[in-house]
Amino acid sequence: MSEPLSIVIVEEDRDRALLIIDSLRAAGDFDVHVISGRSGLAREIAARRPDLVLVDIASPSRDVIEELTLASSPLERPVAMFVDESDGALTRSAIEAGVSAYVVDGLRPERIKPVLDAAIARFQMFHRMRAELEATKRALEERKVIDRAKGLLMKARGIGEDEAYALLRKTAMSQGRKIADVAEALVTAAGLLS
Amino acid sequence: MTVPLALGYIRLVDAAPVVIARELGFAEEEGLALDLRAAPSWSTLRDLLALEQIDAAHMLGPVPVAMALGLGGLTTPLSVLSVLSVNGNVVGVSDALAERLRAVGGADFGDAAGTGAALVAAAERPLRIGVPFPFSMHAELLYYWLNAVGLPAPQGISVRTVPPPLMAEAIAGGEIDAFCVGEPWGSVAVEQGVGELILPGSAIWAFAPEKVLAVRTAWAETEDALAGRLLRAVWRAGRWLGDPAHLTIAAEILARAEYLDLAPDIVDRALTGRLILSPRGESREVPAFVAFHAGAATFPWRSQAAWIGAQLASRAGLERTESMAKASAVFRPDLYRRHLRDTGAELPGASSKVEGSLNRPTPAASESGRLFLPADVFFDRRIFDPDERE
């Protein structure tokens, strides 16, 4: 039986890091370590000598890890970006999910796959959560701007709330635009005129 | 009928040609709906391109060359349709190192030999220098310059990667003594009062290819017409940027929240070459600090790629002649000529030149007969002949 794979996760957010660890633990017996700092990242990774490094592709710190792919790096064993070119589909789904992995050259693909599968599933979830959060935020902001536009119309034209909303909707429909966009334009224009 | 085209870029002043191609309608004129996607890092941008998530990228010149040499991660063949910008980097130092440089007499901004000598005298230990990416002109120019003045890597200097948005933080926190970075990040460090600019990149090599327009080689082959439309749109944007009268509006567009999200006057410094060097406010005018058009600036000379290939090969311990040949093939003057033939672009007669031999603008053979190549000397007056065997 070979030693458990040693994995370094580069993640600033502690909660996210814990979730990734949980997913990996469920996938197998791994020696997992989290690095959350930005400074001395390359040095810290090199000192740990991991078999595999996982990092969010949205992190600007990813470029720091690229140094480890150079032969002259402090890490004696050369590191390659996952995945072996033979498994393009896995690489692509990793990138789509938003995770990149660096592995020590020569590590057998069957040892990496379960780790990557687990990480990909976890990152897909992060991705969905982020998209949902953004959609909620956007909806909230739109509601706010529509409320302000309604208020402006009610005051300027002496109409009720329902009527103001109907007017916004009618204008949006006739111009082929979203109600929020019409409301935004009205609020901006009112700001300029006041 | 417009065709969508996804183009990745990094939030930098020299992304101007792709931003302007979209914002001023040059892409639309070519029937392209340019979908600009800001990438968080160079490695991610490279992966998005290699793994077909985007069609084209605003890329560091050495990245596609390094990939062709098998260095650093993915090795999907990429082609450089065009250079996007020439020069544009700046070397800066921490306040502490700036102090020591003054104590040893300092040197003029723009004097690479003098500044190098002052660094040798001022360095108390191997200098730690930040660059944005291991495969970048920033790194290449630094290695070339400091090696020539007697600070070779790794004995004299330790070059490390620092993401540009974190450069000011790294220098303020004492993690690095100096940096070589693209704008606006040098000016941002000055603005935050944590660093001083000591040398423009153009003082090391007067005509250094900086960012390039990179696509997958397979895509260039199957999407030949689309590649032509993209190239023309971006070339016209570069020509527009070549007119100094347009730079104020260019700075305003780039400064918007969706692009650099900065004060327009900081962006303006790099575009006009009027740099502010230190928190004390000294300023200096650098001609051709960054260039997008004049002197066939965007022509992808095979000799530029060969120079990059030769530098990378020497550090990575690869065979020089073979590496230079592989590198040269990445830059595509053939596609540039074919797609820009009827646009009025200056098309040089040659695809390769001796780099570093011109110390003043010099007429060169071209289809129009009106081409002047700008000065392209290296600070140490060495020349690079891509055909010379060592």
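Per-residue mean of foreign Cβ neighbours for B:33-46 is 4 (Cβ atoms of other chains, 10 Å radius).
Between rounded, prolate and oblate, where does the stretch B:87-207 land on the alpha carbon gyration tensor, with a ≥ b ≥ c its root eigenvalues, rounded for a/c under 1.5, else prolate if a/b exceeds b/c?
Working: a/c = 1.24, a/b = 1.10, b/c = 1.13.
The shape class here is rounded.
Net length available on complete extension from A:Arg43 to A:Glu110 is 21.3 nm, with 0.36 nm assigned per residue and the Cα-Cα distance removed.
So what is the calculated 222 nm ellipticity per residue for chain B, using -39500 (n - 2.57) for each DSSP H run with n of 4 or more, over all residues, to the nearest 500 deg cm²/dmol?
-11000 deg cm²/dmol
Bridge orientation summary for chain A: considering DSSP beta bridges with both residues in this region, about 45 percent are antiparallel.
Distance between the 7 Å Cα→Cβ label points at A:Met154 and A:Asp22: 4.4 nm. When the C-alpha to C-alpha distance is required to be over 26 Å, the pairs from A:Lys137/A:Lys178; A:Lys144/A:Lys170; A:Lys113/B:Lys211; A:Lys150/A:Lys178 that qualify are A:Lys113/B:Lys211. Taking every Cα-Cα distance in the protein assembly as shown and sorting them into 10 Å bins starting at zero, the pair-distance distribution P(r) comes out as 3, 16, 25, 25, 18, 9, 3, 1, 0 percent. Sorted largest first, the principal axis extents computed over the alpha-carbon atoms of chain B equal 62, 49, 41 Å. Across chain B, the relative contact order, built from alpha-carbon pairs under 8 Å that are at least six residues apart, equals 21 percent. Give the distance, in whole Å, between the Cα centre of the stretch A:93-167 and the Cα centre of the stretch B:20-76. When both Cα centres are located, 24 Å separates them. In plain terms, the residue of B:Phe109, B:Phe384 with the fewest other Cβ atoms within 10 Å comes first and the most crowded comes last, giving B:Phe384, B:Phe109. Only helices reaching 20 angstrom along their own axis (Cα) with mean Kyte-Doolittle hydropathy no lower than 0.0 count here, and for the DSSP H runs of chain B these are B:224-241.
Structural descriptor for the stretch A:133-193: relative contact order 38 percent, calculated from alpha carbon pairs under 8 angstrom and at least 6 residues apart. Computed from the Cβ-Cβ distance with R0 of 45 Å, the FRET efficiency linking A:Lys144 to B:Ala365 stands at 0.10.
Can you give the relative contact order of the stretch B:1-140 as a percent, counting alpha carbon pairs under 8 Å and 6+ residues apart? Display every interim value, and only then the final one.
Details: 146 pairs, mean separation 29.4, N = 140.
Dividing the mean separation by the residue count of the stretch B:1-140 yields 21 percent.
A simple spin-label model places pseudo-atoms 7 Å from Cα toward Cβ; at A:Ala172 and A:Lys137 they are separated by 2.1 nm. In the elastic network of chain B, a GNM with C-alpha springs shorter than 10 Å, the most mobile of B:Ala227, B:Ala306, B:Ala365 is B:Ala365. Taking other residues whose beta carbon is less than 14 angstrom from the beta carbon of B:Ala206, and scoring Lys, Arg as +1 and Asp, Glu as -1, yields -1.
In nm, to one decimal, how far is the modelled label at B:Arg320 from the one at B:Arg102, with both set 7 Å along Cα→Cβ? Label-label distance for B:Arg320 and B:Arg102, simple model: 4.2 nm.
Since every read-out is calculated from the coordinates, none of them should be taken as a lab result. It should be emphasised that the depicted structure is a prediction, and the values quoted were computed from it without experimental measurement. Here Cβ is always computed from backbone atoms with ideal geometry, including for glycine, and neighbour counts include all displayed protein chains.
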